[in-house]
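The values are calculated or read from the model by the stated rules, or taken from the named source; none is laboratory data. Values in this document were obtained by computation on a predicted structure and should not be read as measured data. Positions of Cβ are backbone-derived with ideal geometry, glycine not excepted, and every protein chain shown enters the neighbour counts. Heads up: the accessible areas ignore ligands, DNA and RNA and are worked out on the full protein's heavy atoms, side chains in. Shrake-Rupley method; radii C 1.70, N 1.55, O 1.52, S 1.80 Å.
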Amino acid sequence: MMCNSHGTQLYLEVPSSRLPIVYSPVYNITFMGLEKLHPFDSGKWGKVIHFLKEEKLISDGSIVEAREAAEEDLLVVHTKRYLNRLKWSLVVASITEIPPLLFLPNFLVQRRVLRPLRTQTGGTIMAGKLAVDRGWAINVGGGFHHCSSDKGGGFCAYADITLAIKFLFERVEGISRATIIDLDAHQGNGHERDFLDDRRVFIMDVYNRYIYPGDGYAKRAIKRQVELDWGTEDDEYLGKVELHTEGALNEVRPDIIVYNAGTDILDGDPLGGLAISPQGIVKRDEIVFRAARRRGIPILMVTSGGYQKRTARIIADSIINLRRQGLIGGNEDGDVTEECVGGVSLMMSSSDSSPSSVSTGPAPNTI
């Protein structure tokens, strides 16, 4: 740890019995129905967890509970001036695109809207460390890729992707290069602005060229830019994702991959404008994880945008598929290594010669 790093509750040790899947019930935003004024399903994160429990992939005791990012944590990236602006309900109403918030006392806005977003942000930072320790991690929330150090927007109030990477650079030995693979339907202009002049960070961004935010200045940070047309479908999309994911990781080998896995690419999404099937989304995530696993590069996944009620089921199905494909593993003790079985890369434990298995027992908006 660098000597100038502040004390944080986000890098505490996690028992090896826990899967590196991060979540808290605090993620979900419910506030007198006001959350329904934005097309974003502000309870989708809890639904993902519900589906994973139904499938016996996880239990309450087998995942990691996210902690809220404290002000000192946020100041690793954000300016004090920006954080102070969030104390004005008008500013939060603009960022979240929920206009009635401007009429509410800020203490309620903090408690019901910003605290869930700060907890998701803490979850992304925690998952970054877990990914390095375990080889992979999934924050069931996060992916606020429109927020930069001094400006929020598009339902993104905190720059969780930038924060996770900067925490790793500052605190984890051997992590000096990161690749962001942003596959949300929208351009990830927040982290792009933050890393515009940082050669340690390689950004690949695949997005609908015609929709928000259209940030030409931020585009200068993109090293692999793939602009899609309205209504792009599975075959073209998956071909481009595989080609450019492989190309990006061959061009620069990072120490960590941050994968922004937005589901607003789904056919019928009111804001994404693309036409990818549920099966296409599951396959997309598999392509990215397989590319990371083949190279032995740790990967952190965040769930980002997705504006239909069925997106929670798709996210859960994708995580289940990653498990079935052996691209995410179980929670045994021991060092994680790779073994190829039948063409599928599996995560193995040094304490067991068989592929890892999941313990299900009582183990301790415009994103």
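If you go through the stretch 260-269, how many residues are surrounded by fewer than 24 Cβ atoms within 10 Å (Cβ to Cβ) and closer than 19 Å to Ala159 by Cα?
At the first step, the residues of the stretch 260-269 found to be surrounded by fewer than 24 Cβ atoms within 10 Å (Cβ to Cβ) are 266-269.
From the residues that got through so far, the ones that are closer than 19 Å to Ala159 by Cα too are none.
Going through the stretch 260-269 one residue at a time, the tally reaches 0.
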Assigned to a loop (DSSP other than H, G, I, E, B), at pLDDT below 95 and either touching a helix residue (DSSP H, G or I) at 6+ places or on another chain (Cβ under 9 Å) or surrounded by fewer than 23 Cβ atoms within 10 Å (Cβ to Cβ) (or both) - does that describe any residue in the stretch 270-288? yes
Taking the stretch 13-60 only, how many residues are under 15 Å from Pro116 (Cβ atoms), at pLDDT below 95 and not basic (Lys, Arg)? 12
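Condition check: among the acidic types (Asp, Glu), modelled with pLDDT of 95 or more and assigned to a loop (DSSP other than H, G, I, E, B). Does Glu72 satisfy that? Before the answer, list the steps.
On the way: among the acidic types (Asp, Glu): yes; modelled with pLDDT of 95 or more: yes; assigned to a loop (DSSP other than H, G, I, E, B): no.
No; evaluated as a whole, the condition is false for this residue.
If we only count helices (runs of 4 or more DSSP H) wholly inside the stretch 151-268, which ones have 2 or more residues that are at pLDDT 95 or above and within 30 Å of Lys87 (Cβ to Cβ)? Break it down into steps so the answer makes sense when it comes.
Working: elements: 160-171, 189-194, 216-219, 234-251.
Filter on the stretch 151-268 gives 160-171, 189-194, 216-219.
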Any pair with Cβ under 7 angstrom, 6 or more apart, that starts in the stretch 302-330 at a residue that is over 17 Å from Gly135 (Cα atoms) and ends at one that is among the aromatic types (Phe, Trp, Tyr) and outside any helix (DSSP H, G or I): Tyr307/Phe40
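Results for (1) in a strand (DSSP E or B); (2) at pLDDT below 50; (3) in contact with a strand residue (DSSP E or B) (Cβ under 7 Å, 6 or more places away or on another chain); (4) not small (Gly, Ala, Ser), shown as yes or no for each residue.
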site: Ser304; (1), (2), (3), (4): no, no, yes, no
site: Ala316; (1), (2), (3), (4): no, no, no, no
site: Asn321; (1), (2), (3), (4): no, no, no, yes
site: Gly329; (1), (2), (3), (4): no, no, yes, no
site: Glu332; (1), (2), (3), (4): no, yes, yes, yes
site: Cys340; (1), (2), (3), (4): yes, yes, no, yes
site: Met347; (1), (2), (3), (4): yes, yes, yes, yes
site: Ser353; (1), (2), (3), (4): no, yes, no, no
For the stretch 235-246, pairs from a residue that is on the phi < 0 side of the Ramachandran plot to a residue that is open to solvent by 40 Å² or more (accessible area, probe 1.4 Å) and not in a helix (DSSP H, G or I), with Cβ under 8 Å and 6 or more apart or across chains, are His244/Arg224
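State which residue is surrounded by the fewest Cβ atoms within 10 Å (Cβ to Cβ) when the search covers only the stretch 157-191 and only residues that are touching a Leu at 6+ places or on another chain (Cβ under 8 Å) and within 24 Å of Pro116 (Cβ to Cβ). Lay out the reasoning, then the answer.
Residues of the stretch 157-191 that are touching a Leu at 6+ places or on another chain (Cβ under 8 Å), as a first pass: 157-158, 163-164, 167, 175, 178-179, 185-186.
With the extra rule that they be within 24 Å of Pro116 (Cβ to Cβ), the set shrinks to 157-158, 163-164, 167, 185-186.
Numbers: Ala157: 26, Tyr158: 28, Leu163: 29, Ala164: 30, Phe167: 23, Ala185: 28, His186: 28.
Across the stretch 157-191, the extreme among qualifying residues is Phe167.
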